[in-house]
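The values are calculated or read from the model by the stated rules, or taken from the named source; none is laboratory data. Please read these numbers as outputs of a predicted model, since none were measured by experiment. Reconstructed Cβ throughout: ideal geometry from the backbone, glycine too, with neighbour counts over all protein chains shown.
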């Protein structure tokens, strides 16, 4: 609890700082931040701390953090800077391969080497949706999505650990499968909550039955204690509100770069929330993706709050600040092309 409170305080400080930093600074520092993140991702492969089979943490004395969380913010900023300055890079395969896909490929490849498939999927899906909303043609992002799914399947079938986890997802009630323990107990937790739940702090599954009840499967604990009605009212609907407000902020952003950054931030947060909720009800296999703002984990909380700070900055300056690098929008945002 102490670690989470400290992370929240630092994250809130970062959020307020991001609110008042000139938007032009984010654009100027985007590529520098991307280079720093690449260096950190390479460094974590060399001296990183391994947890749960993933070498994804850097240790700085008593503090540990995941560079892959910072990579999410850096990827959003560098792609927004690229597309705002050169929107034509979405018009041909060659331009995509030497622009957005090059940045995405480097980041995803390094995260895959860490063994963190969940973060890889989140970043890949967010980038594809980002390009789709920014105006890339369907044949580009649609084929990319298909290729990404095929690569994900390949990564699963080439890993015995992931194959077992996939089997447990398909057959959650098969008690002979050790990997079915997580999805089975998550379903029991969600079902036990019923309509109004058992009551706050009265979950039974979190006591040695539901693994990772404080992070990956925290949605199961919440559902058991609060029930369907309160989970819908206090968890799902607030995420929908954040998504709606994020898209509204993007629509009224002062320039193309700000609009793209707003889209990227809200897409990244929404995908994480959707995947975590889907895992809790066994619509997806466990991927290790936390529930934004709620799951235990300082790195994810910190960088989600930074993303919200950037969104609030864009909201504050919407229609008033014109950055030095502002460009005319190449086409209406939020209008994917066929």
- Item | Residue check, residue 137 in contact with a strand residue (DSSP E or B) (Cβ under 7 Å, 6 or more places away or on another chain) and either modelled with pLDDT of 90 or more or surrounded by fewer than 18 Cβ atoms within 10 Å (Cβ to Cβ) (or both) | yes
- If you take the residues in region 158-174 that are within 21 Å of residue 283 (Cβ to Cβ), free of Cβ contacts under 8 Å to residues at least 40 places away in the same chain and over 24 Å from the mean Cα position of the chain (by Cα), which one is surrounded by the fewest Cβ atoms within 10 Å (Cβ to Cβ)? 173
- residue 289 passes all but one of (1) surrounded by fewer than 24 Cβ atoms within 10 Å (Cβ to Cβ); (2) out of contact with any strand residue (DSSP E or B) (no Cβ under 9 Å at 6 or more places or on another chain); (3) at pLDDT below 90; which number fails? (1)
- Message: With the condition being touching a helix residue (DSSP H, G or I) at 6+ places or on another chain (Cβ under 6 Å) and under 29 Å from residue 17 (Cβ atoms), I'd like the helices (runs of 4 or more DSSP H) fully within region 203-302 carrying at least 2 qualifying residues.
- Response: 237-251, 256-280
- Message: Within region 327-337, does at least one residue satisfy the condition of being surrounded by 21 or more Cβ atoms within 10 Å (Cβ to Cβ) and modelled with pLDDT under 90?
- Response: no
- Message: If residue 211 satisfies all but one of (1) surrounded by fewer than 21 Cβ atoms within 10 Å (Cβ to Cβ); (2) within 25 Å of the chain's Cα centre (by Cα); (3) within 19 Å of residue 165 (Cβ to Cβ); (4) at pLDDT 90 or above, what's the number of the condition it fails?
- Response: (4)
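With the requirement that a residue be part of a helix (DSSP H, G or I) and in contact with a helix residue (DSSP H, G or I) (Cβ under 7 Å, 6 or more places away or on another chain), what does region 183-202 give you?
Passing the criteria: 183, 186, 189, 190, 192, 193.
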- Is it the case that region 15-38 has a residue that's surrounded by fewer than 21 Cβ atoms within 10 Å (Cβ to Cβ), in contact with a strand residue (DSSP E or B) (Cβ under 7 Å, 6 or more places away or on another chain) and either farther than 30 Å from residue 317 by Cα or in contact (Cβ under 8 Å) with a residue 40 or more places away in the chain (or both)? no
- Task: Identify the residue in region 227-242 that is touching a residue at least 12 places away in the same chain (Cβ under 8 Å) and farther than 18 Å from residue 278 by Cβ and, among all such residues, is surrounded by the fewest Cβ atoms within 10 Å (Cβ to Cβ).
- Result: 229
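Among residues belonging to region 57-115 that are assigned to a strand (DSSP E or B) and in contact with a strand residue (DSSP E or B) (Cβ under 7 Å, 6 or more places away or on another chain), point out the one that is surrounded by the most Cβ atoms within 10 Å (Cβ to Cβ). Explain how you work it out, then say what you get.
Step one: list which residues in region 57-115 are assigned to a strand (DSSP E or B), which gives 57-60, 63-65.
If we keep only those that are in contact with a strand residue (DSSP E or B) (Cβ under 7 Å, 6 or more places away or on another chain) as well, we get 57-59, 64-65.
Numbers: 57: 17, 58: 18, 59: 12, 64: 16, 65: 21.
Per the criteria, the residue is 65.
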- Could you figure out which of (1) at pLDDT 90 or above; (2) closer than 25 Å to residue 127 by Cα isn't true of residue 256? (1)
- Task: May I ask you to list pairs of residues, at least six apart or on different chains, whose Cβ atoms are under 6 Å apart, with the first in region 81-108 being in contact (Cβ under 8 Å) with a residue 60 or more places away in the chain and the second being surrounded by 15 or more Cβ atoms within 10 Å (Cβ to Cβ) and not in a helix (DSSP H, G or I)?
- Result: 87/330
